[in-house]
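Worksheet: one structure, shown below.
The values are calculated or read from the model by the stated rules, or taken from the named source; none is laboratory data. What you see is a predicted model; the values in this text were computed from it and never measured. When we count neighbours, we look across all protein chains shown, and the Cβ atoms used for this are built from the backbone with ideal geometry, even at glycine.
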Amino acid sequence: MPNNSSTNTVSLCESKQQDLNALWSTIKAEATELAEKEPQLSRLLTEVIISKDNLASSLSARLARKLAREDMSKEEIYPLLNTILSENENLLMNAASDMTAICTRDPACQSILDPMLFFKGFMAITTYRVSHYLWAMNRRALASYFQSISSEIFGVDIHPGARIGCGILLDHATSIVVGETAIIEDNVSILHEVTLGGTGKQKGARHPIVRSGVLIGAGAKILGRVEIGRGAKIGAGSVVLSDVLAHTTVAGVPAVAVGDTGEDSPALEMNQSLECGQI
């Protein structure tokens, strides 16, 4: 499995060469237009987008506002985040890929600006990416600090040791839990109240592996070192305790195969129905 040495993510999306400058120009133009239409939002938009020179500084400013506490002010958080995001292009590319995934897959997303302003799933996964970098740099106390704040603010608890690719959609995001040794590949869609957890107090590799293109329905629990094959679909509310073959739909408690997905990448289609082909 590919592995990035600086961020320890699973891999980079094939679209990593996307033009970040063009993306940033679109975000800034939309922010400027919105500030004129909604003057009550102009202070926020100016501070986190319009006054910034690039996507790294903008994301850092937005996260700093969200994560600031008495323990650490936004004036302390911002330069830390900005240094990490500015000096690690892969990390920034992954965040851009997540933004694009939200706009492509979530009909509630009206523009590329929306994830930065309104989607806590995007804020949570971006906070994870920073925490994961700190974890890999052996700054584990600080990584755990950001994890705890993210859990408190966004209701999303992703251990900084988990390995997560790009193009990730955390839809609604509330109560998502991802354990320390979980692996999530590129282009995966996860709905609210999903758990990628262990089954006991054993150490070592004990959390699920989720291959690319997987769609995990709301409330699903995937427990133990099981592998969810490429392009599989997990029905809402299912409890998965064993491996799932590629392009297979499973549902139930415990989950059993109910057919094939009929799609190459359910994560992109976001079709959560269980109507599928024969096994």
Report summary line: Going through the stretch 24-66 in order, the residues found to be loosely packed, with under 13 Cβ neighbours inside 10 Å and charged (D, E, K, R) are Glu36, Lys37, Glu38, Arg43, Asp53
**Report entry** strands (runs of 3 or more DSSP E) wholly inside the stretch 189-264 that include at least 1 residues being modelled with pLDDT under 95 and either in contact with a strand residue (DSSP E or B) (Cβ under 8 Å, 6 or more places away or on another chain) or not assigned by TED's automatic domain parsing to the domain that holds Phe119 (or both)
**Finding:** 256-260
**Report entry** Qualifying residues in the stretch 115-155 (those that are of a type outside the set (Phe, Trp, Tyr) and in a loop (DSSP other than H, G, I, E, B)) - the one nearest to Arg65 (Cα to Cα)
**Finding:** Gly155
Query - Every residue from the stretch 224-246 that is over 21 Å from Asp171 (Cα atoms) and not hydrophobic (A, V, I, L, M, F, W, C) - result: Gly224, Arg225, Glu227, Ser242, Asp243
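Look at Lys66 and say whether it is in a helix (DSSP H, G or I) and at pLDDT 95 or above.
Answer is yes for this residue.
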Requested in this report: Out of the residues in the stretch 76-97 that are among the acidic types (Asp, Glu) and under 17 Å from Asn54 (Cβ atoms), state the one that is farthest from the chain's Cα centre (by Cα).
Outcome: Glu87
**Report entry** In the stretch 136-150, the residues that are crowded, with 18+ Cβ neighbours inside 10 Å and under 18 Å from Gly198 (Cβ atoms)
**Finding:** Gln147
Query raised in the report: In the stretch 222-246, what count of residues is obtained for those that are surrounded by fewer than 21 Cβ atoms within 10 Å (Cβ to Cβ) and either over 16 Å from Ile183 (Cβ atoms) or touching a residue at least 60 places away in the same chain (Cβ under 8 Å) (or both)?
Result: 6
Requested in this report: Go over the candidates Ile102, Ile112 one by one and state the one that is in contact with a Cys (Cβ under 7 Å, 6 or more places away or on another chain) and either surrounded by fewer than 17 Cβ atoms within 10 Å (Cβ to Cβ) or in a loop (DSSP other than H, G, I, E, B) (or both).
Outcome: Ile112
